[in-house]
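The values are calculated or read from the model by the stated rules, or taken from the named source; none is laboratory data. Note that the structure is predicted; figures quoted are calculated from it, not measured. Cβ: placed from backbone, ideal geometry, glycine included. Neighbour counts: every protein chain shown.
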Amino acid sequence: MDIIIDELIRSKRKTVSISITRDAKVIVKVPLKFPAKEIDRIIEEKKSWIIRNKSRVLERIRKKESINLSVGGQFLFLGESYTISTDYNEKSIKIKNGLLVIPSELMENIETALAEWCRKQGKIILKKRLEELSHLTGIKYSGCSITGAKSRWGSCSYKNRINLSWRLILANKRAIDYVIIHELCHVLHKNHSKAFWQEVEKHMPDYKNHKKWLKDNAFILDAFM
């Protein structure tokens, strides 16, 4: 399988970098006068990495495109799948008997309505869980923001303020716990050192399972505009 470079960028840099964009394009950045033969050699050397990561992105795109936000479609909330239905008598979005019930008046703009509902749920549920896990771990943080980030589940600033993407509300509860514990551990370690991962494992021994779940379901981050 030949590797197609979608974009080659030459600039005043000293190193070569290869990246796969969110739309599965292969971007190669090289120094201004870097030889074409060397580019080919490096691409061949990194071929398996490129194929593996591009395939992962393409699968993420496929899963995202399979989301059906219409009556009968399935919608994830806290890791549980609910069938979308509609009701003329409802005035707000609700979960009832395995159904995600959407007021009929919101169906025309269902994506916007669901995104707003998830944002509100995220602010309530994620902040509450952060407080609970902070208490359980004994790790204190300076504040919390619920963001619309699409590139990461969460982050921790150097001032120990924790940011969580409201899109995380679609993930299962243990995966949510992993992200929160991960960010709380960054209060103590501002890197991904061995000491950091030991701290994560101390509070969540099976964290690797939930880390993998988030990686396999990264399309959730693309669920809405």
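Numbers at a glance
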read-out: Extreme residue, farthest from Ala113 (Cα to Cα), among residues of segment 149-184 that are in a strand (DSSP E or B) and out of contact with any Gly (no Cβ under 8 Å at 6 or more places or on another chain); value: Cys156
read-out: Hey, Leu114 at pLDDT below 95, within 24 Å of the chain's Cα centre (by Cα), crowded, with 16+ Cβ neighbours inside 10 Å and in the same structural domain as Gly148 (by TED's automatic domain parsing) or not; value: yes
read-out: Residue check, Ile61 part of a helix (DSSP H, G or I), under 18 Å from the mean Cα position of the chain (by Cα) and farther than 27 Å from Cys156 by Cβ; value: yes
read-out: Selection within segment 164-199 - under 13 Å from the mean Cα position of the chain (by Cα) and among the polar types (S, T, N, Q); value: Ser165, Asn172
read-out: Residue within segment 22-45 that is surrounded by 14 or more Cβ atoms within 10 Å (Cβ to Cβ), in a helix (DSSP H, G or I) and touching a residue at least 40 places away in the same chain (Cβ under 8 Å) present; value: yes
read-out: Residues satisfying the stated conditions in segment 1-18, i.e. β-branched (Val, Ile, Thr) and not in a strand (DSSP E or B); value: Ile3, Ile4, Ile5, Thr15, Val16
read-out: Subset of segment 70-79 that is outside any loop (DSSP other than H, G, I, E, B) and touching a residue at least 40 places away in the same chain (Cβ under 8 Å) - its residue that is farthest from Asp2 (Cα to Cα); value: Phe77
read-out: Single match in Ile67, Ile95, Ile84 (criterion: within 24 Å of Trp213 (Cβ to Cβ), assigned to a loop (DSSP other than H, G, I, E, B) and not assigned by TED's automatic domain parsing to the domain that holds Asp216); value: Ile67
read-out: Top-ranked residue in segment 46-55 [being in contact (Cβ under 8 Å) with a residue 24 or more places away in the chain and among the charged types (D, E, K, R); ranked as surrounded by the fewest Cβ atoms within 10 Å (Cβ to Cβ)]; value: Lys47
read-out: Candidate set from segment 185-210 (those that are in a helix (DSSP H, G or I) and touching a His at 6+ places or on another chain (Cβ under 8 Å)); member that is surrounded by the most Cβ atoms within 10 Å (Cβ to Cβ); value: Cys185
read-out: Counted residues, segment 98-114 - those being closer than 14 Å to Thr83 by Cβ and in a strand (DSSP E or B); value: 4
read-out: Among (1) out of contact with any helix residue (DSSP H, G or I) (no Cβ under 7 Å at 6 or more places or on another chain); (2) in a loop (DSSP other than H, G, I, E, B) - the single one Lys140 does not satisfy; value: (1)
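For (1) closer than 20 Å to Ile169 by Cβ; (2) in contact with a Ser or Thr (Cβ under 7 Å, 6 or more places away or on another chain); (3) among the polar types (S, T, N, Q), each residue gets a yes or a no:
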{"position": "Trp49", "(1), (2), (3)": "no, no, no"}
{"position": "Arg52", "(1), (2), (3)": "no, no, no"}
{"position": "Val57", "(1), (2), (3)": "no, no, no"}
{"position": "Lys64", "(1), (2), (3)": "yes, no, no"}
{"position": "Gln74", "(1), (2), (3)": "yes, yes, yes"}
{"position": "Tyr82", "(1), (2), (3)": "yes, no, no"}
{"position": "Ile95", "(1), (2), (3)": "yes, no, no"}
{"position": "Leu99", "(1), (2), (3)": "yes, yes, no"}
{"position": "Ile102", "(1), (2), (3)": "yes, yes, no"}
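Every residue, every condition in (1) touching a strand residue (DSSP E or B) at 6+ places or on another chain (Cβ under 9 Å); (2) under 20 Å from Phe77 (Cα atoms), yes or no:
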position: Leu106; (1), (2): yes, yes
position: Thr112; (1), (2): no, yes
position: Cys118; (1), (2): yes, yes
position: Ile139; (1), (2): no, no
